[in-house]
Amino acid sequence: MKNHLLITLMLLLLRVTNAPGQDKITLNGYIRDINNGEALIGATVYITEIQGGTASNVYGFYSITLPPGDYTVEYRFIGYETQKKSISLTANQREDIELAPESQQLQEIVVTGEIDDANVSSVEMSTNKLDIQTIKRLPAFLGEVDVIKSIQLLPGVSTVGEGAAGFNVRGGGVGQNLVLLDEAPVYNSSHMLGFFSVFNPDAVKDTKLYKGAIPAQYGGRLASLLDVRMKEGNSKRFSASGGIGTVFSRLAIEAPIVKDKSSFILAGRRSYIDVLAAPLLDDTQLNFYDLTFKTNYDLNENNKLYLSGYLGRDNFEFDEDQGFNWGSQTATLRWNHLFNDRLFSNFSAVYSNYDYELSFAQDENDSFTWESHVQNYILKSDLTYFINNHNEVNFGAHFIYYRFKPAEATGLSDGETIDVSIDDKFNLESAVYVGNKQDLSSQWSLEYGLRFSGFQYFGPGPVHTYADAEPGERRDVESTEDFERGETIASFYYPEPRFSFRYQLNSTSSIKGSYNRMVQYIHLVSNTTASNPLDVWVPSSNNLDPQISDQFTLGYFRNLSDNQYEVSAEVYYRPSRNQVEYIDGADLLLNEFLEGDLLSGDGRAYGLELHLKKTRGKFNGWLSYTLGRTELQVEGINNGDWYPTRFDQTHNLKLVGFYDLSPRVSLSGTFTYATGTPSTYPTGGYIQQGILVPYNHGDSRNNVRLPDFHRLDLSLRWDMKREKRGRERKNKDYLSISFYNVYARRNAFSIYFTQSDNRSDPGQPWTGGSTRLSVIGSIIPSVSYNFQF
């Protein structure tokens with residue numbers, strides 16, 4: 001049955017490919033920025049005679065096939081001057097285009113990089129794109145531009161609280177988001193336990209979030225895909241940019257290696273809290289840093305190489321013997337190759353590593369060290385065949401080799417070594433896919449495909465089998481078997497069909513729908529309110545099945561007032577199975593028998609997302625509202641009834657506004673309101689020997705909600721003069737003044753209970769109380785200076 005699905009789809013694509021009347025002429029090329037040579041992602045190629053066209057891919061490449069003839073071609077990209085060319089097509093033709101930014105900055109831009117009516121005309125849905133210029137205009141915590149915090153302002157995206165790492169999409173967990181930096185997976189996207197993201201804004205070119213309708217090219221996570229693309233580096237001239245902020249500074253330099261042929265960008269950041277507070281902190285180190293690099297080289301007009309990398313680390317070192325640090329390293333080597341005018345390919349080799357180290361010592365005879373990492377080695381081939389201007393076929397294959405090191409941990413107790421390390425785990429995830437974007441008519445457009453994925457769990461190492469237990473109770477080891485290196489322990493194979501459609505009601509409105517199946521073979525194990533660096537990643541195994549979800553989405557999209565306003569409404573329903581949960585009192589850290597503490601159940605997420613965006617004028621921005629529900633049903637938990645996940649938020653409202661007071665001064669503000677997240681609290685208690693013992697009737701899970709969350713942030717941007725003594729300055733710079741948490745709201749991150757140290761006397765009331773923990777409870781002003789030259 002699985003093979004039949006793939007064969008049927010391939011036959012359909014072959015029929016499309018060999019359809020009559022397709023012996024035509026191809027116009028292709030790259031679209032770039034004239035000032036720096038950066039590829040323009042999503043630039044539009046519009047053919048006047050057919051009232052249609054195509055768009056450039058993530059490398060700036062476009063291809064369109066037409067009958068021989070004379071055409072008027074318009075190359076468009078928002079914020080750039082449209083370039084119009086008259087082209088006579090008599091044979092395949094290459095047209096590389098460089099677009100110039102508009103002479104005056106477009107004040108109406110909020111979310112750029114798409115044609116005006118893309119909200120309605122594109123088959124894409126459940127997708128949001130933020131360009132870096134929009135991100136830089138948003139109010140920021142301590143003045144630092146933040147990619148992750150910015151996407152939390154989009155519909156369907158939330159967080160469990162201030163200072164929480166990562167983000168949640170349509171009720172999914174942090175570990176159910178695939179975050180890519182130039183195709184490399186990023187397992188922890190935050191610095192400083194969630195206050196800042198790992199992405200340097202000076203090195204980022206484009207961010208795109210898929211919440212649904214995910215193309216067949218992508219897989220591996222249930223909830224979303226965040227695709228972050230780095231700049232390629234200025235291929236025209238040397239330039240530098242950076243900023244000096246309240247707690248850290250950044251600098252990026254970019255320049256041509258060979259003009260118009262090769263370039264590089266190098267960007268770095270470091271915090272200096274520990275430097276400023278050195279007199280107070282003694283030997284304590286409290287900082288983070290990251291370094292981002294990318295270079296490229298045009299071998300010829302048909303071949304281009306890219307090499308990019310990231311290195312980042314957080315340090316919480318209390319002295320030379322005690323501390324905690326974590327970080328990520330990635331490297332991506334890519335080769336773009338044009339086989340012919342219609343067949344574009346990209347081949348990638350990717351390395352990704354996330355690791356952390358924990359150590360503490362009382363003296364030389366009593367100490368403890370713990371190291372852990374997740375490593376990926378990835379090979380990918382992605383090809384696009386531009387059949388004609390109505391069909392674009394994507395196909396390829398991906399291979400990911402995993403090495404999980406849960407713990408290399410040793411302790412010293414009175415000089416005696418105690419080894420509590422856990423054996424490494426080895427896995428291979430593979431996938432092949434094929435998909436097609438097809439315009440059936442001016443009204444109907446489709447995108448359909450099939451991804452077929454597999455996952456193998458290999459030796460060497462001991463593998464445990466667990467005995468059955470009462471629902472919700474710990475399972476004990478029944479037997480243990482040793483496997484040799486390369487010997488297969490468990491295997492899984494799943495088809496992942498994808499389908500999307502767009503029906504154009506008229507020139508300003510459309511209806512879209514989608515279905516996609518996602519399979520996730522690795523699991524983030526965490527029973528804390530927010531993800532933290534010590535969370536454990538575990539692969540699917542003989543005891544732990546892959547997570548599987550099916551998402552159904554339907555939406556209405558409309559543009560108003562000559563595309564000045566964009567309106568959308570989407571409903572979604574995502575049932576899932578094999579969701580990971582935990583027994584009460586689960587031991588998740590340094591536990592060789594962790595799988596015995598894990599439970600498996602069903603999940604469901606459903607909701608409504610409303611989005612209104614104003615794209616032009618001195619005042620612009622967006623308003624979004626999400627009504628959602630995310631629940632689990634696990635045997636042995638909550639009496640087997642459905643209960644909300646800890647990411648569940650019934651109501652989520654975001655308001656983002658930008659207002660230009662003058663060409664040099666602008667204001668921005670964001671307001672967020674969200675229903676409090678669920679948590680588990682005792683439903684009663686009894687006093688024994690003067691001490692209150694809490695009790696949870698019915699073993700309910702996530703039975704109480706924290707108080708609602710709301711916060712207002714404001715920012716003022718003041719651009720410096722562009723002219724000095726009648727001459728234009730070479731550099732651009734501005735001051736950003738931000739006010740985070742303007743009305744000093746003390747949003748609850750958690751609530752915990754305490755009781756007095758003294759026992760209550762018999763017959764006397766119990767004395768104790770509850771404490772609300774707020775990560776931020778006051779207004780936080782900040783100033784940053786940013787420059788570019």
Please report, largest first and rounded to whole Å, the three semi-axes of the ellipsoid equivalent to the range 200-357, where each semi-axis is the square root of five times an eigenvalue of the C-alpha gyration tensor.
35, 21, 14
Distance (nanometres) between label positions extended 7 Å along Cα→Cβ at Leu608 and Ser430
4.7
Work out how much length Glu481 to Thr771 would gain on full extension: take 0.36 nm times their residue separation and subtract the Cα-Cα distance, in nm to one decimal.
99.6 nm
Grab the beta carbon distance between Ala467 and Leu589, set R0 = 25 Å, and tell me the FRET efficiency rounded to 0.05.
0.60
Compute the distance from the alpha-carbon center of the range 32-98 to that of the range 651-726, in whole Å.
44
Find the relative contact order for the range 161-281 and round it to a whole percent, using C-alpha pairs within less than 8 Å whose residues are 6+ positions apart.
21
Taking the chain and dividing mean pair separation by its residue count, relative contact order in percent (alpha carbons under 8 Å, at least six apart):
10
Report, in debye and to the nearest 20, how large the dipole of the chain comes out about its Cα centre when Lys and Arg carry +1 and Asp and Glu carry -1 on their Cβ.
4280
Roughly speaking, what is the centre-to-centre gap between the range 570-624 and the range 195-239 when only Cα atoms are used, to the nearest Å?
21
Just list whichever of Lys205/Lys730; Lys205/Lys261; Lys259/Lys618; Lys84/Lys136; Lys236/Lys614; Lys259/Lys437 have alpha carbons separated by over 29 Å in the model shown.
Lys259/Lys618; Lys84/Lys136; Lys236/Lys614; Lys259/Lys437
If N is the number of residues in the range 510-653, what value comes out of its Cα radius of gyration divided by 2.2 N^0.38 Å?
1.34
Given 0.36 nm per residue, what is the gain on full extension from Lys730 to Ser441 after removing their alpha carbon distance, in nm?
99.1 nm
R0 of 60 Å, Cβ-Cβ distance Phe238-Thr754: FRET efficiency to nearest 0.05:
0.50
Largest to smallest principal axis extent of the C-alpha atoms in the chain, angstrom:
95, 71, 51
Be a star and scan the range 305-333 for residues whose amide nitrogen sits under 20 Å from the point 7 Å along the Cα-to-Cβ vector of Thr369.
313-328
Protection proxy (average C-beta count within 10 Å per residue), highest first, orders 38-48, 485-495 as 38-48, 485-495
Calculate, for Arg94 and Leu379, the FRET efficiency according to 1/(1 + (r/R0)^6) with r their C-beta to C-beta distance and R0 22 Å; round to the nearest 0.05.
0.15
With each run of n ≥ 4 DSSP H residues scored as -39500 (n - 2.57), what mean residue ellipticity at 222 nm is computed for the chain after dividing by its residue count and rounding to the nearest 500 deg cm²/dmol?
-1000 deg cm²/dmol
Could you give log10 I(q)/I(0) at q = 0.17, 0.18 Å⁻¹ for the range 605-745, computed by the Debye formula over C-alpha point scatterers of equal weight, without solvent?
-1.02, -1.07
In whole Å, largest first, what are the principal axis extents of the Cα atoms in the range 411-543?
78, 37, 34
Would you grab the residues whose amide H sits under 5 Å from the one on Gly676? Only those 5+ places off in sequence or on another chain, please, with H modelled 1.01 Å from N.
Asp708, Phe709
Please work out how much accessible surface Arg646 shows to a 1.4 Å probe, ignoring ligands, DNA and RNA, in Å² rounded to 10.
60
If we sort 125-134, 187-196, 391-400 on the protection proxy, mean other Cβ atoms within 10 Å, highest first, what's the order?
187-196, 125-134, 391-400
So if each residue of separation counts as 0.36 nm, and I subtract the Cα-Cα distance between Asn542 and His651, what length gain in nm does that give?
35.4 nm
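The values are calculated or read from the model by the stated rules, or taken from the named source; none is laboratory data. Quantities reported herein were computed from a predicted structural model and do not represent experimental measurements. All Cβ positions, glycine included, derive from the backbone under ideal geometry; neighbour counts span all protein chains shown. Each accessible area value is taken on the protein alone, full model and side chains, heavy atoms only, with ligands, DNA and RNA left out. Shrake-Rupley method; radii C 1.70, N 1.55, O 1.52, S 1.80 Å.
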